[in-house]
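Have a look at the structure below, then the notes.
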Amino acid sequence: MSVTQSLRGFQEAFAHALQDGGAHDTKLTAPTAQPGFLVYRNTVMKGCIDALVANYPAVARLVGDVWFRAAAAAFVRQGPPQHPMLVDYGAAFPDFLRTFEPAAELPYLPDVALLDRYWTEAYIAADQTPLAARTIAECAPHVLASTMLVPHASARWRWFPDQPIQALWRCNREEANTDGLQTLVWRSEGALVVRPYATVEAIELSAGGCAFMDACAAGAPLSDAGLAALDAQHDIDLSTLIAQLLHVGAFAEMLQ
Amino acid sequence: MPDVGRVLDARVADRCAPTAGLGLRSPHYADAAAAAAPGLWFEVHSENYMVDGGPRLAWLETIRARHPLSLHGVGMSLGADEAPDPDHLARLNRLVWRFEPFAVSEHLAWSTWNGAYHPDLLPIPRSGEALQRVADNVQRTQDAIQRTILVENPSHYLKMADQHQYGEIEFLVELCRRTGCGLLLDVNNVYVSANNLGFDADAYIDAFPGQYVAEVHLAGHSADPRLGDALLIDSHDAPVCAAVWHLYARLVARIGPRPTLIERDDELPAFDVLLAERNRADSLLRALAKCR
């Protein structure tokens with residue numbers, strides 16, 4: 001028996017053959033030419049694609065299994081996972097879909113993917129007890145104006161002009177919810193995804209609500225965040241908005 | 001030379017009685033938390049719990065409060081010609097401290113290379129150079145988590161005789177000697193590899209050094225869609241087959257009872273179906289324990 005290759009050389013050639021499908025390194029021709037090599041190549045690709053199916057269920061449901069797996073395979077070839085925590089794999093998949101030519105006819109797809117990603121980020125985010133509504137209620141009005149509300153570690157939100165992304169996403173994320181698609185109104189929509197306790201919650205959020213959360217995340221005091229909300233949506237009812245956000249658990253704490 | 005095997009045996013016996021356990025998957029969280037079978041323990045893939053927070057960790061806390069746990073890694077890449085990722089070691093260390101598993105295991109394989117993770121257990125040439133590298137990586141892992149780990153024998157799909165200087169058992173034993181690690185013997189991997197490479201599974205099981213074995217895995221496999229039984233795949237998507245049960249009985253009759261896991265990762269049946277399979281291993285272990 002003779003050892004023909006260093007460990008490093010073996011791995012370089014093996015990893016190369018896994019990715020490009022060819023066996024260019026003559027020293028490795030024997031192993032990579034064996035039928036068993038395909039088990040590794042197939043398992044690696046299946047592992048990556050299955051992770052994307054698990055992490056992007058609404059997208060997978062919208063486009064169907066065959067389309068999704070083909071798109072996922074193209075994504076994997078561009079950017080394989082960088083670490084073994086596959087629950088976190090595919091952060092760049094929404095942006096990939098924006099440039100993926102076969103997705104051009106589905107302009108809503110990248111943002112539906114973004115909400116799937118927000119769901120994952122909320123699901124694995126650090127645990128935090130959400131700010132209770134009464135904490136704010138107990139605050140004197142002059143103190144409240146200069147108070148900063150800190151978004152919950154799991155909170156993600158986005159305003160989607162011209163497309164009902166939140167409703168599209170919700171109908172495809174929830175297994176039993178297809179009724180919503182019958183009554184879908186094509187309009188602008190925002191969404192907030194947060195996990196205050198064990199369960200990820202998602203609500204529709206107005207343009208003013210999204211601007212309010214943006215301002216809070218940037219460290220603005222409540223008075224400035226309120227102005228930002230009014231700038232984005234002049235008829236917004238601020239007290240209803242704040243009550244809605246507190247109710248869903250969108251904030252972790254208040255700072256003076 | 002000190003009798004490493006005996007020391008390891010005593011330590012393992014302290015941590016967990018040699019009963020049978022189940023691989024834990026998220027659809028079975030509630031069933032697992034409620035299960036009351038005597039001696040039942042669970043094993044998880046460490047990487048699935050390397051998250052900042054959320055329901056996975058909360059469920060694992062709940063289940064760990066009622067059952068012993070072992071951590072089984074698939075991403076340390078011990079066989080790569082590079083040191084383990086310090087961030088990954090730190091994440092594993094946090095899990096070990098939080099969940100106090102009775103065993104922490106990994107594979108004689110690699111999966112991470114040049115910043116890319118390939119989700120599989122890829123083969124290594126068993127050279128002297130590789131042995132030193134794997135021993136270094138095992139040592140770094142053990143230093144990081146301040147305890148010994150178990151290393152699992154891989155499934156083989158490639159004939160690489162011209163790449164190997166060591167037999168697999170010889171390589172694993174030397175790894176134990178150099179690092180103090182123990183071994184996790186996956187009986188299904190032996191069956192699959194013997195079939196694919198053409199060696200005698202009985203002879204391999206008989207030659208495996210029992211004093212280093214601190215855990216056993218049993219799983220199902222499937223035939224390659226193109227090549228059929230000529231190429232078996234370690235797919236963990238089926239019940240343990242009769243031949244693997246026979247190999248297992250042959251092993252524990254010789255080396256005595258060891259904590260034994262029923263591994264199922266795909267085509268997940270109802271919890272009770274898996275529990276019945278686990279109870280089969282458990283009955284065998286209990287009968288053996290009485291006889292010894």
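Read-outs throughout are calculated quantities, based only on the coordinates presented, and are distinct from any laboratory measurement. For clarity, every value in this text was computed on a predicted model and none was experimentally measured. For neighbour counting, all protein chains shown are included, and Cβ atoms are generated from backbone atoms with ideal geometry for every residue, glycine included.
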Exercise for the section: Convert each backbone phi in the stretch B:89-98 into a coupling constant with the Karplus relation 6.51 cos²θ - 1.76 cosθ + 1.60 (shift: θ = phi - 60°), then list the ³J(HN,Hα) values in order as whole Hz, x for Gly and Pro. Expected result: 4, 5, 5, 5, 4, 4, 5, 4, 5, 6
Handout entry: In nm, spacing of pseudo-spin labels at A:Q163 and B:F199 (7 Å Cα→C-beta vector)
Key = 5.4 nm
Practice task
For each of A:E105, B:E267, count neighbouring Cβ atoms within 10 Å of the residue's Cβ, then give the residues from fewest to most.
Solution key: A:E105, B:E267
Completion exercise
Computed over chain A: longest principal axis from alpha-carbon atoms vs helix A:37-55 long axis, angle to nearest 10 degrees, is 10 degrees
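With the cut-off at 17 Å, report for the stretch B:191-241 the share of all Cα pairs above it, as a whole percent.
Value for the stretch B:191-241: 46 percent of Cα pairs lie more than 17 Å apart.
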Fill in the blank from the handout: Residues whose modelled amide H sits under 5 Å from the amide H of B:Y166, counting only those 5 or more places away in sequence or on another chain, are B:R126
Problem - Between 0 and 90°, nearest 10: helix A:65-78 axis offset from chain A longest Cα axis - result: 80 degrees
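Calculate the mean, over all residues of peptide A:39-51, of how many other protein chain Cβ atoms lie within 10 angstrom of the residue's Cβ.
5
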Handout entry: Three-way shape label, the stretch B:169-219, alpha-carbon gyration tensor, a/c 1.5
Key = prolate
Handout entry: 222 nm mean residue ellipticity, helices alone, for the protein assembly as shown (DSSP H n ≥ 4; -39,500 (n - 2.57); rounded to 500)
Key = -14500 deg cm²/dmol
Practice task
Label the stretch B:175-292 by shape, choosing from rounded, prolate and oblate, from the square roots a ≥ b ≥ c of the eigenvalues of the Cα gyration tensor; if a/c is under 1.5 it is rounded, and otherwise prolate applies when a/b is larger than b/c, oblate when it is not.
Solution key: oblate
Exercise for the section: Name the residues whose placed amide hydrogens come within less than 5 Å of the amide hydrogen of B:W110, ignoring near sequence neighbours (fewer than 5 apart) on the same chain. Expected result: B:G79, B:L122
Practice task
Between the alpha-carbon centers of the stretch B:231-292 and the stretch B:155-214, tell me the distance in whole angstrom.
Solution key: 19 Å
Problem - Phi to ³J(HN,Hα) by Karplus 6.51 cos²θ - 1.76 cosθ + 1.60 over the stretch A:147-159, Hz, x for Gly, Pro - result: 7, 10, 9, 9, x, 4, 4, 9, 6, 9, 8, 6, 9
Problem - Rough spin-label spacing in nm, given labels placed 7 Å along Cα→Cβ, for A:A153 and B:R226 - result: 4.7 nm
Fill in the blank from the handout: Expressed in Å to one decimal, the Kirkwood Rh of the stretch A:144-256 from all distinct alpha-carbon pairs is 14.6 Å
Completion exercise
Computed over chain A: longest principal axis from alpha-carbon atoms vs helix A:109-124 long axis, angle to nearest 10 degrees, is 80 degrees
Exercise for the section: Using a Gaussian network model of chain B whose springs link C-alpha atoms within less than 10 Å, name the residue from B:L69, B:L122, B:L184 with the highest mean-square fluctuation. Expected result: B:L122
Practice task
For chain B, set up a Gaussian network in which alpha carbons nearer than 10 Å are linked by springs, and say which option among B:G23, B:G228, B:G256 fluctuates the most.
Solution key: B:G228
Handout entry: Long-range HN-HN contacts of A:E189 with modeled amide H, under 5 Å
Key = A:F160, A:D162, A:Q163, A:I165
Handout entry: Values of log10 I(q)/I(0), in the order q = 0.17, 0.18, 0.31 Å⁻¹, for the stretch A:195-247 under a Debye, Cα-only, solvent-free model
Key = -0.50, -0.56, -1.25
Exercise for the section: Would you mind checking the radius of gyration and Dmax of chain B based on alpha-carbon positions, in Å? Expected result: 17.9, 51
Completion exercise
So the FRET efficiency between A:L106 and B:A37, C-beta based with R0 = 51 Å and rounded to 0.05, is 0.55
Fill in the blank from the handout: Cβ density ranking, 10 Å radius, fewest first, applied to B:D224, B:D266 yields B:D266, B:D224
Problem - Relative exposure of B:V187, A:V143, A:V76, judged by other C-beta atoms within 10 Å (fewest first) - result: A:V143, A:V76, B:V187
Handout entry: Whole-Å semi-axes of the ellipsoid equivalent to the stretch A:101-204 (Cα gyration tensor, √5λ, descending)
Key = 31, 16, 13
Problem - Under Karplus coefficients 6.51, -1.76 and 1.60, residue-wise ³J(HN,Hα) of the stretch B:237-248 in Hz, glycine/proline x - result: 10, 8, x, 5, 7, 4, 5, 5, 4, 5, 4, 5
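Give the average, rounded to an integer, of partner chain Cβ atoms located within 10 angstrom of each Cβ in A:77-90.
Counting other chains' Cβ atoms within 10 Å and averaging over A:77-90 gives 5.
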Practice task
Let me know the shape class of the protein assembly as shown, please: from the alpha-carbon gyration tensor, a ≥ b ≥ c as square roots of the eigenvalues, rounded when a/c is under 1.5, otherwise prolate if a/b is greater than b/c, or oblate.
Solution key: prolate
